[in-house]
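**Student:** Please read through the structure below; I'll follow up with questions.
The values are calculated or read from the model by the stated rules, or taken from the named source; none is laboratory data. Since the model is a prediction, treat every value here as computed from it, not as a measurement. Here the Cβ positions follow ideal geometry from the backbone for every residue, glycine too, while neighbour counts run over all protein chains shown. Each accessible area value is taken on the protein alone, full model and side chains, heavy atoms only, with ligands, DNA and RNA left out. Shrake-Rupley method; radii C 1.70, N 1.55, O 1.52, S 1.80 Å.
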Number of protein chains: 2
Amino acid sequence: MLHSLARRRIKNTLFLLLGFALPFFSQAEDGYKLWLRYAPLEESAMTLSWTNSIGELELFGASETLQAAKTEMELGISGLLGNSDFKGQSPIWLGPLDQLPPADTRALRDEIQSLNDEGYLIYRSDAIEGDPWIVTGKTDIGVLYGTFAFLRMVQSGELNPDLNQTIAIVSEPKIQHRLLNHWDNLTRTVERVQSGQSIWEWFQLPDYVSPRYRDYARANASVGINGTVLTNVNSNALVLTTEYLYKTAAIANELRPYGIKVYLTARFSAPIEIGGLKTADPLNAEVAKWWKKKIDEIYSIIPDFGGFLVKANSEGQPGPQDYDRSHADGANLLADALAPHSGIVMWRAFVYSHKNTVDRAKQAYTEFVPMDGSFRDNVIIQTKNGPIDFMPREPFHPMFGAMPKTPLALELQITQEYLGGAVHLAYLAPLFEEVLDSDTFTNGQGSTVAKIIEGEFSDVQHTVIAGVANIGTDRNWTGHPLLQSNWYAFGRLAWEPQLSSETIATEWIQQTFNAEPEIVDTLIPMLMESREAVVNYSMPLGLHHIMARGHHYGPGPWVDEGRADWTSLYYHRADEQGLGFDRTSTGSNALEQYSPTIRNQWSDVEKIPEELLLWFHHVPWNFEMKSGNILWDELGLHYQMGVDAVRSWKEEWESLSDKIDPERHHHVAVLLKRQEREAIEYKDACLTYFQTFANLPWPSKVEPAEHDLEFYKAIKRHHVPGDPSEQ
Amino acid sequence: MLHSLARRRIKNTLFLLLGFALPFFSQAEDGYKLWLRYAPLEESAMTLSWTNSIGELELFGASETLQAAKTEMELGISGLLGNSDFKGQSPIWLGPLDQLPPADTRALRDEIQSLNDEGYLIYRSDAIEGDPWIVTGKTDIGVLYGTFAFLRMVQSGELNPDLNQTIAIVSEPKIQHRLLNHWDNLTRTVERVQSGQSIWEWFQLPDYVSPRYRDYARANASVGINGTVLTNVNSNALVLTTEYLYKTAAIANELRPYGIKVYLTARFSAPIEIGGLKTADPLNAEVAKWWKKKIDEIYSIIPDFGGFLVKANSEGQPGPQDYDRSHADGANLLADALAPHSGIVMWRAFVYSHKNTVDRAKQAYTEFVPMDGSFRDNVIIQTKNGPIDFMPREPFHPMFGAMPKTPLALELQITQEYLGGAVHLAYLAPLFEEVLDSDTFTNGQGSTVAKIIEGEFSDVQHTVIAGVANIGTDRNWTGHPLLQSNWYAFGRLAWEPQLSSETIATEWIQQTFNAEPEIVDTLIPMLMESREAVVNYSMPLGLHHIMARGHHYGPGPWVDEGRADWTSLYYHRADEQGLGFDRTSTGSNALEQYSPTIRNQWSDVEKIPEELLLWFHHVPWNFEMKSGNILWDELGLHYQMGVDAVRSWKEEWESLSDKIDPERHHHVAVLLKRQEREAIEYKDACLTYFQTFANLPWPSKVEPAEHDLEFYKAIKRHHVPGDPSEQ
């Protein structure tokens, strides 16, 4: 009787639909594992060879760092080969060269000789009994870096498990200090980051140390990042109190095995705020004494403390100029106290004053270049990639190459303050690569920014590259699943500035998703064109700083209130004649800060790359562009190209719906849809606004604006994450 | 040759130490799964019986709610039995009674007849062919509640898989509206919560809907919570704008299948702030029209919107008194507009004014009781458990039982604003139970708070219980792994106010860890005594409101600045004669607000329970307590007992180190250590302070203070999470 009623039932075998249940509390593909997923390799002849090859793991030497390498190798291999019980023929040897069996190392010694202390060697040869896979270096940290490289190369197919010939892969970092800069406040808000709170749980520290810190360390070490500034450049002296130093030490302890040093931002007025002094004058003896004592205390608590990052006399931060002293006076004060401990000072060149009527783009150069030679050896001047502020595109900063006696650090922004926050896809490696490859001509042709920061043209003791982190407490770290790629890319370029964006993207995709050609081939073009798309739909042809005020999210070309150099009008200079900032000799002459080769090319409106045109020139609306279009129409086409690109990614991404786990696939799909909507808004807001100056018809190949200018001006975004005015 | 060097090697079989690797990116035991872990049952005869019993799952009926029940049953059974391929004899039938095969339901109809719409029946009898497990109810949501109950009972051993006799378990909620109140701001800060940001990602909504919302819904439904107020009572009118209503709708869509309605806080001045009106006067016709239109709009976007929670004319919030109107005028304004949509208004009774010189404990009663009978049927007056503000212990609020014509909601605080935040273990079910069981004597003996809010003594249309959530974005939701129990306990008591704290604790432990007797027997006493321990080491014997100012974390008996009723002195009244607040007829006479039975008992210093002594009496330092000790010594002993309890838990918890996963075990161990340290601080700060009045020797059985009073007064905590002054 019961079974006769089957037609009324929706009958399912138990667990048939368990796939539907998996999203609940599902954790496998929530993005937390970043590019360290170690998902099983696809079945293939090579994978089978790997399974047959990999045998015993033998660790030579003992340290926390080597243990970390061993643990990572176990985790990686067992994940990739989908098996945790290997009995292949070839052992893996992990250990620094001087711990490996001496007889065996003769063959390796030559390979490793010229490497620096962080370099690694991956070696295999049938000349060594048992054909072991050898991952080594001069130091323990080299072995850890080699371990991550080994696992990466297994996934990329770069390593062949079949022993045909001797394998000897060496690599070493070109820059000594490869740092993340966190703009994290002690309140756990994070300036300009939209992926949650600060991962540093100050209220819980030092008692509770989140397991997340170790995963953070692993991710950084996997790409060679070896330092992290925990706190915002808009700083709080509280972090220098003894209480907070112990909290910092607890973080440092977690990061140390992974070769990562901890740095803090030093608030210049700390001697007053937490030291009880009446002044922070860098030439005051009490002040110098206070800093010395404070720094000695720091090293007593954190013996391998890295040093300080300082933003002084910029955007309201205190600094030496409050006492009519120079930046050099300020930096040297701290440097002298840090030197006995081998600590460094990264002093930011990002200074500009609204009292200064000179073009903001010129001010850092004007202020710092004359001080070349007056800084201590352990002071590094940290310079943003461009002269304004992390715009979607800027020319390289003219300070690069202009201070030969001073080490310059390159500061890049991984978080997308002006490129759509954690919502818009913009793979930034092409931006970073563009900066690194920029030829300054300051030491003749080939004087690229990369070579300058690598110290090739000067006798500097320290080389530094810094990336402003896009990391928060969101489960997937970066909010947008695909923006994990920017953290990855920064680290890889910091290690090897000559790597191509595409190589990095390929590696990242292989590890973050998998190596299936459909995935790689679909994602590579999306990632590679994404930054240019953002440039196009927001600030093309050299336009800059025309975003909404405060939170900087979305368009605001009409912004005209507040200090002049925070308006948009200051930068785009639109009028009835044309558009753009004349920075040639007829204007602010910012071009005079560049080498003659650059200056000559860029001052000519016909020779300057069009992508920088409006940065340096005020150009008539009817100026004929290389395409034959007039400026106004060309501008419109760039906005349209940006929108079109995003639209095409939506379809491309959709085509991967059966290749990528549903959780990440859905998340990205939703974000791309929003990005398209907001790209259209940017296009329409900017073009309807600029049209009021151009007085020309809407460009024929550009989709009409959905609303009028007043509509766009009235849009008010609320509580945009990362907005410091809300923090 | 190679192998002869073995002594130099640390040789390990690959993956031998994989256990060490698991904490990396480990997700299994990070607490995210709450009490819905469904970890495999221990091997036992009963587990084997379950495996042999459970067969096909058959769903009768189709709805999102029933699908959710089915999915949960699959997830639960496959987890508990460690198997996803069952072929036992007895099917599970899931479906509402009217969808079950009619012939079979005759036997069930009687059981289910008297249940309300949310009730469930779990039934099994050999009278039905195939011996199916039947989980049913009158409605789909009853089936879902029954599913969670079924899974809970499998874990508790309450259900026996061996069919000895007919099983018929029925349950139904005693209170209609069982709500979480989130004190979450639109900025994603959360007032008084220390477990991360708000889980509501307003900037991402409505585009991206976090998978976390569904897990939140599951957790709530599993304990019968059927409503949630998304926003802080200190409210922001922005949430009522169209833009935010669509964001809210996206959340509502995720919660709906789990029977959870969404509510918002209504800012009384919204007609001015977002409506463009010049007034929010509740008797103004334009204002009434605006609210009607706004509420109609809400229901057009969220058809099952629950209603509003309002904090008006309290702590700076706008309200009807700004226009010389009454709370009834304000509440009825909203109620009239909500009524056509069956929405409700929960109007908070938490009002007190610093301009009012009357004892703060008396003000809500004084203001609201005279209005009894003047509220619309769909207005519920939401009253905190006690007359001050969520102290570790308060007497019940005198409004309970004093407004027979008005439904009163009980507001409990799950987050521990005054009980150690997310750091201190305080299992709150005993506090909640104490309140629910408090006899008001307002309708004779047995007029408990529980019965009053259940509507037993009045003809109310709505019954409500609310708990201020302790939930944030921390991976484990509540910061402290063991404080998940308070979310659980609130829900369970909201469903069944007569449940005992210990029963609830047992269930929670079984599901959150497992049912091993060592775990249950160790944790039960810890949990059960924890709230009393916090009372003892912070505010024993009726002391209250002597915490640090602002963030409310840690001791501050000396707080004497700012408005009087926010100082500590206002409440403890320590002087050379004694300690405590005289609320008898010789003092503020707050006791007059209680029924004669209570009043008579509590006004007598010999008859009042000592745990409330200093709440109602100013007692001489040498007053002889029941123990024979004088007050001063007894006070000291209570502080010491609190410390001693925490200390003992540390050892108890340590004894479970091989029973509980390392991640959660370590986390709790660290927190208990900190709790002990801070309990000692509370003891020493309060006793050194009160000693300056008592002028008596340190009690002999109390550990000496580690520091002097000035030390404790100088402690300044920075950036305490949940402090609204930082938000």
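**Student:** Given the criterion within 30 Å of B:Gly401 (Cβ to Cβ) and under 26 Å from the mean Cα position of the chain (by Cα), identify the matching residue among B:His618, B:His552, B:His572.
**Tutor:** The conditions single out B:His552.
**Student:** I've got another one for you. Kindly evaluate A:Ile134 against the criterion of being free of Cβ contacts under 8 Å to residues at least 60 places away in the same chain, within 14 Å of chain B (Cβ to nearest Cβ) and either hydrophobic (A, V, I, L, M, F, W, C) or open to solvent by less than 40 Å² (accessible area, probe 1.4 Å) (or both).
**Tutor:** Considered against the rule, which asks whether it is free of Cβ contacts under 8 Å to residues at least 60 places away in the same chain, within 14 Å of chain B (Cβ to nearest Cβ) and either hydrophobic (A, V, I, L, M, F, W, C) or open to solvent by less than 40 Å² (accessible area, probe 1.4 Å) (or both), A:Ile134 comes out as yes.
**Student:** Determine whether B:Ile167 is away from chain A (no Cβ under 14 Å) and on the phi < 0 side of the Ramachandran plot.
**Tutor:** Yes: the conditions hold for B:Ile167.
**Student:** Still on this structure, I have one more. Please go through the stretch A:673-693 and give me each residue that is among the aromatic types (Phe, Trp, Tyr) and within 28 Å of the chain's Cα centre (by Cα), ordered by number.
**Tutor:** Just the residues of the stretch A:673-693 that are among the aromatic types (Phe, Trp, Tyr), to begin with: A:682, A:689-690, A:693.
If the condition is that a residue be among the aromatic types (Phe, Trp, Tyr) and within 28 Å of the chain's Cα centre (by Cα), then A:Tyr682 is the only one that fits.
**Student:** Does A:Ile92 satisfy being facing chain B (nearest Cβ under 9 Å) and part of a loop (DSSP other than H, G, I, E, B)?
**Tutor:** no
**Student:** Which condition from (1) at pLDDT below 95; (2) closer than 21 Å to A:Leu419 by Cβ is the one that A:Met539 breaks?
**Tutor:** Condition not satisfied by A:Met539: (1).
**Student:** Which residues, taken from the stretch A:636-655, are of a type in the set (Gly, Ala, Ser) and in contact (Cβ under 8 Å) with a residue 40 or more places away in the chain? Don't jump to the end; show me each part of the working.
**Tutor:** Within the stretch A:636-655, the first condition is being of a type in the set (Gly, Ala, Ser), and the residues that meet it are A:636, A:642, A:645, A:648, A:655.
A:Gly636, A:Gly642, A:Ala645, A:Ser655 - these are the residues of the stretch A:636-655 that are of a type in the set (Gly, Ala, Ser) and in contact (Cβ under 8 Å) with a residue 40 or more places away in the chain.
**Student:** In the stretch A:395-415, what count of residues is obtained for those that are under 18 Å from the mean Cα position of the chain (by Cα), of a type in the set (A, V, I, L, M) and closer than 19 Å to A:Ser595 by Cα?
**Tutor:** So the count comes out to 2.
**Student:** Condition first: without any contact (Cβ under 8 Å) to a residue 24 or more places away in the chain, over 23 Å from the mean Cα position of the chain (by Cα) and within 14 Å of chain A (Cβ to nearest Cβ). Can you find one or more residues in the stretch B:262-275 that meet it?
**Tutor:** The answer is no, given that none of the residues of the stretch B:262-275 is without any contact (Cβ under 8 Å) to a residue 24 or more places away in the chain, over 23 Å from the mean Cα position of the chain (by Cα) and within 14 Å of chain A (Cβ to nearest Cβ).
**Student:** Hey, among the residues in the stretch B:65-86 that are of a type in the set (A, V, I, L, M) and at the interface with chain A (Cβ under 8 Å from one of its Cβ atoms), which one's nearest to B:Asn52 (Cα to Cα)?
**Tutor:** Here the answer is B:Ile77.
**Student:** Is it the case, given these coordinates, that A:Leu612 is hydrophobic (A, V, I, L, M, F, W, C) and touching a Gly at 6+ places or on another chain (Cβ under 6 Å)?
**Tutor:** On the way: hydrophobic (A, V, I, L, M, F, W, C): yes; touching a Gly at 6+ places or on another chain (Cβ under 6 Å): yes.
For A:Leu612, the condition - hydrophobic (A, V, I, L, M, F, W, C) and touching a Gly at 6+ places or on another chain (Cβ under 6 Å) - is met.
**Student:** Quick check: anything in the stretch B:107-121 in a strand (DSSP E or B) and at pLDDT 95 or above?
**Tutor:** The first filter runs over the stretch B:107-121 and keeps only residues in a strand (DSSP E or B), leaving B:120-121.
Restricting the remaining residues to those that are at pLDDT 95 or above gives B:120-121.
Yes, that holds for at least one residue.
**Student:** Just checking, how many residues over the stretch B:176-201 are within 28 Å of B:Tyr120 (Cβ to Cβ), crowded, with 24+ Cβ neighbours inside 10 Å and among the aliphatic types (A, V, I, L, M)?
**Tutor:** Counting residues in the stretch B:176-201 that are within 28 Å of B:Tyr120 (Cβ to Cβ), crowded, with 24+ Cβ neighbours inside 10 Å and among the aliphatic types (A, V, I, L, M) gives 2.
**Student:** On to the next question. From the list A:Gly444, A:Gly479, A:Gly491, A:Gly420, which residue is farther than 24 Å from A:Trp649 by Cα and touching a residue at least 12 places away in the same chain (Cβ under 8 Å)?
**Tutor:** A:Gly491
**Student:** In the stretch B:202-243, which residue that is touching a Gly at 6+ places or on another chain (Cβ under 9 Å) and open to solvent by 20 Å² or more (accessible area, probe 1.4 Å) is farthest from the other protein chains (Cβ to nearest Cβ)?
**Tutor:** Result: B:Asn234.
**Student:** If you don't mind, another one. Which residues, taken from the stretch B:693-727, are open to solvent by less than 60 Å² (accessible area, probe 1.4 Å), of a type outside the set (A, V, I, L, M) and within 14 Å of another protein chain (Cβ to nearest Cβ)?
**Tutor:** Of everything in the stretch B:693-727, those that are open to solvent by less than 60 Å² (accessible area, probe 1.4 Å), of a type outside the set (A, V, I, L, M) and within 14 Å of another protein chain (Cβ to nearest Cβ) turn out to be B:Arg717, B:His718, B:His719, B:Pro721, B:Gly722, B:Asp723, B:Pro724.
**Student:** To continue, here is another question. Can you pull out the residues in the stretch A:244-261 that are outside any helix (DSSP H, G or I) and either crowded, with 22+ Cβ neighbours inside 10 Å or without any contact (Cβ under 8 Å) to a residue 24 or more places away in the chain (or both)?
**Tutor:** Filtering the stretch A:244-261 down to residues outside any helix (DSSP H, G or I) leaves A:259-261.
Residues satisfying the conditions are A:Gly259, A:Ile260.
**Student:** What helices (runs of 4 or more DSSP H) completely inside the stretch B:404-518 contain at least 1 residues that are acidic (Asp, Glu) and modelled with pLDDT of 95 or more?
**Tutor:** Answer list for the stretch B:404-518: B:429-437, B:501-512.
**Student:** Restricting attention to the stretch B:561-589, report how many residues are part of a loop (DSSP other than H, G, I, E, B), of a type outside the set (Ser, Thr, Tyr) and out of contact with any Lys or Arg (no Cβ under 8 Å at 6 or more places or on another chain).
**Tutor:** Summing the residues that are part of a loop (DSSP other than H, G, I, E, B), of a type outside the set (Ser, Thr, Tyr) and out of contact with any Lys or Arg (no Cβ under 8 Å at 6 or more places or on another chain) in the stretch B:561-589 gives 8.
**Student:** When the stretch B:639-692 is examined, which residues are found to be open to solvent by 20 Å² or more (accessible area, probe 1.4 Å), small (Gly, Ala, Ser) and either part of a helix (DSSP H, G or I) or within 14 Å of chain A (Cβ to nearest Cβ) (or both)?
**Tutor:** Correct list: B:Ser648, B:Ala669.
**Student:** Right, here's the next one. Taking the stretch B:40-64 as the search range and keeping residues that are away from chain A (no Cβ under 12 Å), outside any helix (DSSP H, G or I) and not polar (S, T, N, Q), which one is farthest from B:Ala221 (Cα to Cα)?
**Tutor:** B:Glu43
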